[in-house]
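Report on the structure given below.
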Amino acid sequence: MTPAGSLLSATDLRKSYGSTPALDGASFSVHPGEIVAVMGPSGSGKSTLLHCLAGIVAPDAGTITYDGRDLTSLTDAERSALRRGEFGFVFQFGQLVPELTCVENVALPLRLNGVKRKDAERRARARLEQLEVDDVAGKRPGEVSGGQGQRVAVARSLVTDPRVLFADEPTGALDSLNGERVMELLTDAAREARAAVVLVTHEARVAAWSDREVVVRDGRSRDMEFTR
Amino acid sequence: MSIGHTLLGLLEAGPRHGYDLKRTFDETFGHDKPLHYGQVYSTMSRLLKNGLVEVDGVESGGGPERKRYAITEAGVTDVQRWLATPEKPEPYLQSTLYTKVVLALLTHRDAAEILDAQRAEHLRMMRMLTDRKRKGDLADQLICDHALFHLEADLRWLELTAARLDRLAREVRPA
């Protein structure tokens, strides 16, 4: 069963690595344009939940439904196409290709989808501008600050106009001020695009940018909306 | 927050009527908790009695008399002393939350449930402050940040306590 109107939902997910259970009956749902924070202690299973939801890791049991389709029944190629076309990703570290300039990095997902260079770079520049880092377009990742690099990564995650943005500790490597600016720009851009956001974080101040939080403990999830 | 000291500080900028003081206080500090008129007038009469303010003039129009207050030298010294004295950090073990958790354990209630409910409430407040900060000016941002960092510290304590409930239960329950 999927919660009414949800874009992406999962029910009773189970996943073990060897004999270690990472998910033990976790459920989740996010609606279009909604930002949901996934919180929990280290090793609680929150990143595994994100990887299952994004189709990167297949769960051992449970169902995942994206836009009415059963994600677990798709072929690898179909899941890859979905990740390239409809999902965006931001991680904590090492996402940008060091040999490419920032604008080429942002344009990369579009180029992989067959968009011509000129058009891809035009769209990439618009995203860089939205994230207030258009001044570093021609620089390589090694030549920009951590905060600028992360904004470039956010620009890249949004350049394909994804319907779901997966962000795993997106500010984990930044100081408070830069982290906050990244969250502000990320959530503004996502809300404007009506993209759903799955935001994994262990920081409450980052989670405070979300609409709702789900806490994962020992592989089980709890929607905090219903605890009050 | 000391309302007396705050009103005194506002008077340092120049003499004001009680009504003006209330309005300025509410606009600057009282977003969530505006002052009652009664609080303003009782505080002003206490400050007057202690020689920290004086009546600078009285206007009598059609309505009741309106006193205009000015800060005295003793008042300025008092504000200075208050500003220069650090606030006493609140000892956590005396907090209501700790009491609730221990009471829950002693009465064999679900302490984790209490912590989760508190956690949800804290995050709700943090969301509200984040939203206010997002829409506000720099002063709003600084005020909200201070509250956010404190709430975050509380939240960390809630998480740590949740992880240590079994041990706490063993320690507080009679053998």
Which residue is nearest to A:E203 (Cα to Cα), if the candidates are limited to segment B:143-175 and must be out of contact with any helix residue (DSSP H, G or I) (no Cβ under 9 Å at 6 or more places or on another chain) and not charged (D, E, K, R)? B:A153
List pairs: first residue in segment A:165-188 and more than 13 Å from A:L199 (Cβ to Cβ), second residue of a type in the set (F, W, Y) anywhere in the structure, Cβ distance under 7 angstrom, at least six positions apart or on different chains. A:A173/A:F93
Only one of A:V90, A:V106, A:V97 is in contact with a Ser or Thr (Cβ under 6 Å, 6 or more places away or on another chain) and not charged (D, E, K, R); which? A:V90
Selection within segment A:122-140 - under 11 Å from A:V106 (Cα atoms), outside any loop (DSSP other than H, G, I, E, B) and in contact (Cβ under 8 Å) with a residue 12 or more places away in the chain: A:R123, A:A124, A:R125, A:R127, A:L128
Of the criteria (1) touching a helix residue (DSSP H, G or I) at 6+ places or on another chain (Cβ under 9 Å); (2) surrounded by fewer than 24 Cβ atoms within 10 Å (Cβ to Cβ); (3) under 29 Å from A:T20 (Cα atoms), which one A:D175 fails: (3)
Is there any pair linking a residue in segment A:16-34 that is crowded, with 17+ Cβ neighbours inside 10 Å and outside any strand (DSSP E or B) to one that is β-branched (V, I, T) and at pLDDT 95 or above, with Cβ under 9 Å and at least six apart or on different chains, and which? A:E34/A:V197
Condition first: in contact with a strand residue (DSSP E or B) (Cβ under 8 Å, 6 or more places away or on another chain) and within 13 Å of another protein chain (Cβ to nearest Cβ). Can you find one or more residues in segment A:188-196 that meet it? yes
In segment A:48-106, which residue that is free of Cβ contacts under 8 Å to residues at least 40 places away in the same chain, of a type in the set (V, I, T) and outside any helix (DSSP H, G or I) is nearest to A:K118 (Cα to Cα)? A:T101
Just for segment B:139-174: of the residues that are closer than 19 Å to A:D218 by Cβ and among the small types (G, A, S), which one is farthest from the other protein chains (Cβ to nearest Cβ)? B:A169
Would you check which residues across segment B:99-138 are farther than 17 Å from A:W209 by Cα and either at the interface with another protein chain (Cβ under 10 Å from one of its Cβ atoms) or in contact (Cβ under 8 Å) with a residue 24 or more places away in the chain (or both) and list them? B:V101, B:V102, B:L105, B:L106, B:A111, B:A112, B:E113, B:L115, B:D116, B:A117, B:Q118
Any chance you could count how many residues in segment A:112-121 are in a helix (DSSP H, G or I) and under 20 Å from the mean Cα position of the chain (by Cα)? 1
Go through (1) within 14 Å of chain B (Cβ to nearest Cβ); (2) within 19 Å of A:P41 (Cβ to Cβ) one by one and return the number of the condition A:V200 breaks. (1)
Index of the failed condition, A:E213 passing every other in (1) surrounded by fewer than 18 Cβ atoms within 10 Å (Cβ to Cβ); (2) of a type in the set (D, E, K, R); (3) within 13 Å of chain B (Cβ to nearest Cβ): (1)
Tell me, please, whether a residue that is modelled with pLDDT under 90 and farther than 24 Å from A:T187 by Cα can be found in segment B:119-136. no
Out of segment B:7-43, which residues are in contact with a helix residue (DSSP H, G or I) (Cβ under 7 Å, 6 or more places away or on another chain) and without any contact (Cβ under 8 Å) to a residue 24 or more places away in the chain? B:L10, B:K22, B:T24, B:F25, B:P34, B:Y37, B:Y41
Criterion (within 22 Å of A:L158 (Cβ to Cβ), acidic (D, E) and modelled with pLDDT of 90 or more) met by exactly one of A:D12, A:D67, A:D24, A:D60: A:D67
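The values are calculated or read from the model by the stated rules, or taken from the named source; none is laboratory data. Not measured: the values here are computed from a predicted model. Cβ sites come from the backbone with ideal geometry, for glycine too, and all protein chains shown count toward neighbours.
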